Structures are given as C-alpha cells and as structure tokens.
Amino acid sequence: MKSIKPITALIALLGASSAMAANLSIPMAFEYLALDGKKVEGSLFNHKSDLELSQGTHKIAIRYHDMVQDDFSDSESFVKSSPFIVTLAVDGDYDYRLQPAEGEIIKKPKSFAKSPAVVISRIDGGAVNYKVTHTELTEDSFVSKLFNGNSGQDIETAAAAATGTAVAAHATAPVQPAGTVEAVTLPATLPANPSASDADHAQQMLQYWWLHADDKTRKEFMSWAIKQL
C-alpha cells in the first residue's frame with residue numbers, strides 16, 4: 001500500500017504540470033480581439049486584461065482603444081487603432097506583459113493610435129520570441145452601419161480571420177504597417193414599423209455610437225441627420 005502513494009503523487013504532479021499555462025496581460029487601454037482564429041469575448045464594461053496561452057506559437061489580435069481629452073473642448077472622445085497582430089512563441093509557463101514602447105503613459109494618443117508601437121516582455125526578465133504586425137483593418141462609420149443596411153464582417157471576425165493561420169515567430173521590434181487589408185463593416189438593420197421600445201433602443205444605439213465615434217464620423221452623422229429634417 002505504501003508504494004501506491006508516490007505513484008499517486010507523481011500522477012497528480014504531472015496532471016498539474018500539464019494544466020499550467022502561460023499568461024499575457026495588457027493595460028486597460030488595449031483590448032483583445034482574437035486568438036488563433038477565434039474571437040476573444042469582452043466588452044467596454046468588462047475589460048479582459050489576461051489571456052491564457054498554451055505552449056506553442058500563437059497569433060493574437062489586439063487593438064488600442066482609449067478615451068482621451070478633446071483638443072478643442074472640455075469633452076472626451078474615444079480613439080482606437082486598427083488591430084495589430086502579435087505572434088508570440090510560448091516556450092514555458094511564463095507571465096508575459098504588453099506595454100506601449102514609449103512607456104506606461106501615452107503622451108499623444110491620437111498619433112499612437114495611427115501606428116501603435118508596443119513591446120512584449122516577461123515578468124522574470126527572460127527573452128521573448130515575438131513579432132508585431134500592423135494591419136489596416138477598419139470599421140466603417142456608424143452612419144453607414146445603422147442606416148445604409150451594409151452587411152459584412154465585424155472587426156472581431158476580421159481579426160479572427162487574420163489570426164487563423166499560425167506562423168513561426170522570431171524576435172523583432174514592432175514593424176511598419178503590413179499592407180492594405182480589405183475594410184469591413186458591421187451589419188445593422190432597423191424595423192420598418194418601430195414600436196416605443198424599438199425607438200428607445202434606437203436612441204440608445206445612437207448615443208452609444210456617438211460616444212464611440214471620432215470627430216470625422218460625428219460630422220458625417222450631423223450632415224446626414226440635417227438632410228433628414
């Protein structure tokens with residue numbers, strides 16, 4: 001009976017070791033979009049800062065998305081980048097961390113959003129085998145999404161497709177934008193005869209998209225709205 005205990009302990013240890021995984025953490029101003037061809041679930045109200053990674057090479061789509069002070073008023077607006085793809089080779093049970101290359105504080109958010117420069121490090125200071133590739137994936141303005149009946153992939157689906165094929169990673173600094181990728185749109189439809197609840201929902205949608213739109217998109221909407229009067 002005594003000989004069984006070491007074997008049982010060894011099996012338990014091996015099981016625990018196989019269950020261990022690496023972890024990648026990102027700051028609040030960044031969001032996960034996709035991992036190895038699959039969307040990463042998250043929302044503005046439930047920020048996902050940690051991503052568990054198994055051994056091997058992974059492709060992770062991430063986007064910079066933050067609220068910044070408006071240059072011409074006291075109001076705030078959202079700024080976001082196109083997704084960038086981090087190709088990370090995981091070779092141990094390590095804690096990885098993504099940070100802006102310029103430091104924890106991004107001094108010029110709008111400029112940073114045009115071409116986010118990030119670095120990946122290990123908490124223990126070890127070497128990290130990774131590559132960062134920028135894309136030009138975009139979302140059409142919310143005017144088109146809500147009122148023109150456009151159909152297509154959302155940005156998360158497009159990011160999932162961009163991370164669907166694993167490739168060998170190598171250590172490198174962030175690279176320049178990697179060519180043009182076809183723009184995508186978010187589908188949206190409105191009922192022909194809206195009820196009171198539908199109208200309330202439409203108002204909430206307008207408020208939501210207005211808060212998330214940049215200055216150019218807001219001007220597009222105002223121009224469209226004036227023409228409807």
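To the nearest 0.05, how large is the calculated FRET efficiency for Lys110 and Lys38 if R₀ is 35 Å and r is the Cβ-Cβ distance? The formula returns an efficiency of 0.70 here.
As a fraction of the 1.4 Å probe accessible area of the range 77-125, surface on carbon and sulfur atoms comes out at 49 percent. Of the cross-linked pairs Lys48/Lys107; Lys107/Lys219; Lys131/Lys219; Lys107/Lys131, those separated by over 29 Å at the C-alpha level are Lys131/Lys219.
What length, rounded to one decimal in nm, is gained on full extension from Ser49 through to Ala161, with 0.36 nm per residue of separation minus their alpha-carbon distance?
Contour length minus Cα-Cα distance gives 38.2 nm.
Take the Cα of Thr138, step 7 Å toward its Cβ, do the same at Asp91, and the gap between the two points is 4.0 nm. Once backbone amide H atoms are built at 1.01 Å from N, Thr138 has Val184 as its partners under 5 Å, excluding neighbours fewer than 5 places away on the same chain.
The values are calculated or read from the model by the stated rules, or taken from the named source; none is laboratory data. Being a predicted model, the structure only gives us computed values, none of them experimental. FYI the Cβ positions are ideal-geometry reconstructions off the backbone, even for glycines, and counts take in every protein chain you see. Protein only, heavy atoms only, side chains kept; ligands, DNA and RNA dropped before computing areas. Shrake-Rupley method; radii C 1.70, N 1.55, O 1.52, S 1.80 Å.
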